[in-house]
1. How many Lys pairs in the chain lie less than 25 angstrom apart by Cα atoms, where the lysines are 8 or more positions apart or on different chains?
2. Residues of the range 347-377 with backbone nitrogen within less than 14 Å of a virtual label 7 Å along the Cα-to-Cβ line of ALA313, please, listed as ranges.
3. Rank-order 92-104, 368-380, 137-149 by packing density, defined as the average count of other C-beta atoms within 10 Å over each peptide's residues, highest first.
4. Using only the Cα atoms of the range 447-587, what do you get for the radius of gyration and for Dmax, in Å?
5. State the antiparallel share, in %, of DSSP beta bridges confined to the chain, rounding to the nearest 5.
6. Would you mind putting 528-538, 320-330, 600-610 in packing order, based on average other-beta-carbon counts within 10 Å, highest first?
7. Just read off the accessible area of ILE759 with the full protein assembly in place, 1.4 Å probe, to the nearest 10 Å².
8. Would you please put 257-265, 307-315, 539-547 in order of how densely packed they are, using the mean number of other Cβ atoms within 10 angstrom per residue and starting with the highest?
Amino acid sequence: MKPVRSATLHAITARGVELDCGHGLLCRVSILGPDLGRVLFRRAEGFRARKSWSVLRPGLVDTPWQGLDRDDESGWPEGLAAVEQYEDEIRLVAPEMIASIRLAPFGIVWSLPDGTVFARERQTHPVMFGQNRILHAFARDRRDRYFGLGDKTGPLDLHGRRLRIAMRDSLGYDPERGDPMYKHWPFLIAVDGQSGVASGVFYDNLAEAAVDLGCEHDNYYGLFRTYEAGDGDLDYYVFPGPGVVDVTRKFLALTGRPPKVPRWTLGFSQTAMALADSPNGQERSAQFIDRCIADQIPISGFHVGSGYTMIGAKRYVFTWNRSKYPEPKAMMRRFAEAGMRVVANIKPCLLDDHPRYQEPQAGYVMGDDGKPVMRQFWDGEGAHLDFTNPIAVAWWQGGVSRDVLATGITAGWNDNNEYGFDDETAICEGFGLSVTFNLARPVQCHLMSRATLEATLAHAPDERGFTISRAGMPGIQRYAQSWSGDNETSWRGLAWGLRTGLTMSLSGIGNTGHDVGGFSGPVPDAELLVRWTQAGALHPRFIMNSWKPDGIYTSPWLHEEVLADVREAIRLRYRLMPYFYSLMVRQSEDGTPPLLPTFAHFPADALAWADCPDLMLGPNVLAAPVVEAGALLRRVYLPAGPQCWFDFWSGERFAAGQSITTEAPLSKLPLFVPAGGIVPLAGRVSRQTLHDEPSRELLVFPGPGTGESRFDLIEDDGISVAGAVTWVAITLRWAPDRVTVEALASGDYVLPWSAMRVIVPEGELRSLECLGGLLTT
């Protein structure tokens with residue numbers, strides 16, 4: 001690979017500068033926002049991939065189907081940066097950041113207006129190009145912390161690891177060390193070891209890559225970290241936080257925030273391959289519904305596995321096996337009567353003996369011989385649809401509408417969509433701009449999910465759309481919920497999986513979760529099932545999904561002796577629904593993930609940065625799931641910052657900034673609330689009202705002394721695209737002799753409750769005053 005050694009000013013642009021790096025290589029450095037920089041290299045022969053589907057220009061809610069031209073920066077504001085020229089340096093001075101471009105040797109330093117450096121390219125050869133390869137290197141400090149990159153396993157801080165940016169069908173991956181997994185996610189959060197400022201770097205490149213965060217050492221370069229791709233374009237965005245969550249929010253502002261979710265998707269759901277694969281799938285589904293009713297299991301969704309498409313041992317998307325499912329519409333009516341929405345598994349590969357294989361013939365990923373690329377898929381050979389081809393998109397949306405949604409199913413679950421095969425000669429249509437498959441692999445799952453979602457919205461235009469995708473790239477969050485894939489059933493799978501979920505949240509994949517009980521491997525024992533259900537209740541995606549031997553599937557009644565404990569964990573989720581739903585709506589508005597590590601809320605406490613499976617559900621609930629077999633006690637650190645902490649269940653008060661040991665019998669999920677915490681709850685859990693339960697209670701946790709806090713409860717019907725909304729601004733104030741709670745409503749949604757009952761911790765003796773007319777004691 002050849003390094004970029006020096007550069008000269010080629011032109012001053014409306015948003016920065018363009019540099020001549022020699023040999024026809026141009027580098028454009030642009031300031032696209034007060035705190036957003038972009039660096040784009042263009043080779044003499046042009047871009048390897050001319051389109052981008054991740055980044056949204058101001059004013060756009062989505063990219064065109066064919067993507068946005070990589071070279072076109074129209075729509076971004078002009079003139080935000082002053083261009084300062086010096087003998088060997090050019091500075092772009094923006095309101096909230098400065099790009100200092102050293103011309104010889106070439107390199108860029110990024111800093112805040114006060115001169116605080118938050119990202120610095122390594123001193124020599126920070127950029128290199130091969131025939132198609134690219135390398136970009138930043139300087140590294142041993143004190144740096146690194147987060148993100150999508151669905152990564154292991155500790156949250158990725159420093160010292162070398163990780164791949166690639167998508168694979170990673171069934172049964174190692175929960176601590178497995179890599180790569182299902183997401184192509186070249187977005188890294190770096191916390192500078194010297195300044196403590198967090199920043200983000202996003203590489204808008206669809207080629208497979210590797211990110212080295214301290215594995216590689218080279219005496220000539222000092223400490224560094226690299227992004228190295230086998231193909232594609234060096235096109236990256238840089239933005240300071242300055243906090244970690246600020247970086248996540250800004251990344252979502254750049255690539256699109258998640259939509260407002262239908263509330264039913266936050267309820268408990270169930271799926272299992274054993275049910276759909278069985279020869280009497282419809283009958284077993286009816287038995288499942290009866291069992292949920294008999295055992296009083298609150299449940300809002302059922303996800304039908306791909307077994308409904310099985311003929312023999314093979315799976316044929318959009319094909320119902322009528323011997324297993326003789327009356328699909330009747331089955332869907334039965335689920336609806338039981339309060340469950342249904343989601344169906346759909347896959348993007350058609351086996352060569354699929355009864356409709358010839359229909360989208362020109363819409364497959366093609367080889368250089370002009371024929372569909374055939375690869376192993378489950379129990380056969382098949383061709384993958386090319387979603388950069390309008391033929392494939394139209395065929396797919398027709399199948400989703402006709403064979404899935406028309407039966408009464410609510411949504412599609414895009415599965416096995418990693419397109420994990422390798423073929424350097426394969427070609428994608430690229431909406432008329434032919435592109436090699438290796439430069440379009442991630443966009444396949446991206447546009448597959450978009451196609452599914454848009455078909456869903458067209459089928460039920462008054463309802464919020466919903467879809468799921470196992471694979472993804474930055475931007476997938478605009479369309480789909482995702483999860484950590486086919487995890488293993490083990491205590492390690494539980495403990496390390498919680499970290500993967502937090503890593504995904506920091507990466508901007510906030511609507512996420514895990515297969516409760518583990519997907520692959522042995523059947524979970526009773527204790528593991530309870531602990532995993534408790535942890536699952538804290539995640540947006542709360543579902544039991546499994547592939548176990550002998551037709552067994554993970555379910556609430558898998559172990560009768562702990563059915564009551566599993567049911568109570570599920571009921572806790574429904575009790576938390578008003579709080580949880582408000583957090584999810586906030587995420588759609590400003591990009592704040594509902595689940596975060598404790599340091600994201602308490603960054604000033606150095607001890608909060610220690611790696612652990614603890615997590616914050618919004619600002620007001622710290623959860624410490626039990627992740628060790630036989631443990632009846634749980635050690636948990638309560639970060640400094642709040643006046644104190646409270647046990648969610650008992651109201652017992654603890655000093656902040658200390659580790660405590662709390663009792664954790666099998667029936668208890670340890671939860672804590674900081675002083676000032678406000679947690680709105682459903683007043684009851686009912687199988688009739690489920691996620692739409694209208695009654696409300698309000699837990700408030702006033703601290704000692706004096707203070708004030710606020711939480712916005714968001715109320716609407718939970719399903720309408722453009723329905724009425726009411727915000728209930730809840731303010732908690734406390735003084736040595738009095739606690740005051742005020743609730744003020746604004747909006748056009750008629751509240752389904754007349755008053756929320758306010759509950760204070762046991763032992764709170766100060767007088768309680770309720771204001772606003774919406775509260776009672």
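The values are calculated or read from the model by the stated rules, or taken from the named source; none is laboratory data. All of these numbers come straight from a predicted model, not from anything done at the bench. When we count neighbours, we look across all protein chains shown, and the Cβ atoms used for this are built from the backbone with ideal geometry, even at glycine. SASA here: full protein model, heavy atoms, side chains in, ligands and nucleic acids out. Shrake-Rupley method; radii C 1.70, N 1.55, O 1.52, S 1.80 Å.
1. For the chain, qualifying lysine pairs total 22.
2. The answer is 377, whose backbone nitrogens lie closer than 14 Å to the label point.
3. Numbers: 92-104: 19.0, 368-380: 14.7, 137-149: 20.6.
By packing density, highest mean first, the sequence is 137-149, 92-104, 368-380.
4. Over the range 447-587's Cα set, Rg and Dmax evaluate to 16.0, 46 Å.
5. Numbers: 135 of 167 bridges.
DSSP beta bridges in the chain are roughly 80 percent antiparallel.
6. On the way: 528-538: 25.9, 320-330: 15.9, 600-610: 18.2.
The peptides rank, most packed first, as 528-538, 600-610, 320-330.
7. Surface open to solvent at ILE759 totals about 50 Å².
8. Details: 257-265: 21.6, 307-315: 18.8, 539-547: 24.0.
Highest mean packing first, the order is 539-547, 257-265, 307-315.
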